[in-house]
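Asks: Could you have a look at this structure, given as structure tokens, before my questions?
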Amino acid sequence: MQLIIDIQNESLVEKIVWFLETLKDKGVQIIQKDTTVDSKSKYTDAYLRENWKKMIMGSGDDSDYYKSEAYYEERGDYLREKYK
């Protein structure tokens, strides 16, 4: 299981990492990732290319969307761009 913790208070980072370090012998693996990306640039083309699989796997089945006209338009735009 993976758990992502978004720590807003920088002074807490060291304390939380220290605590998690004490659990390493119990199988906890710590992967620190700097995610200081503002909300405007989060969904850039590069971000989407790198993370599209995670984003799709994390979304639920939205069968109403797949039946909608918007889906067909967006899918058509995507395919036209892909096969230029």
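The values are calculated or read from the model by the stated rules, or taken from the named source; none is laboratory data. The model shown is predicted, which means the values in this text are computed figures rather than measured ones.
Asks: Any residue at all in segment 52-74 that is modelled with pLDDT of 80 or more, in a helix (DSSP H, G or I) and among the polar types (S, T, N, Q)?
Replies: No, there is no match, as no residue in segment 52-74 is modelled with pLDDT of 80 or more, in a helix (DSSP H, G or I) and among the polar types (S, T, N, Q).
Asks: Additional query: Just to be sure I understand, how many residues within segment 1-36 are small (Gly, Ala, Ser) and assigned to a loop (DSSP other than H, G, I, E, B)?
Replies: So the first thing to find is which residues in segment 1-36 are small (Gly, Ala, Ser), and the list is 11, 27.
Next, from what is left, pick out any that are assigned to a loop (DSSP other than H, G, I, E, B): 27.
Residues in segment 1-36 being small (Gly, Ala, Ser) and assigned to a loop (DSSP other than H, G, I, E, B): 1 in total.
Asks: I've got another one for you. Name the single residue that is modelled with the highest pLDDT among those in segment 19-51 being over 18 Å from GLN2 (Cα atoms) and of a type in the set (Phe, Trp, Tyr).
Replies: Keep residues of segment 19-51 that are over 18 Å from GLN2 (Cα atoms), which gives 36-50.
Next cut, of a type in the set (Phe, Trp, Tyr) only: 43, 47.
Details: TYR43: 75, TYR47: 82.
The selected residue is TYR47.
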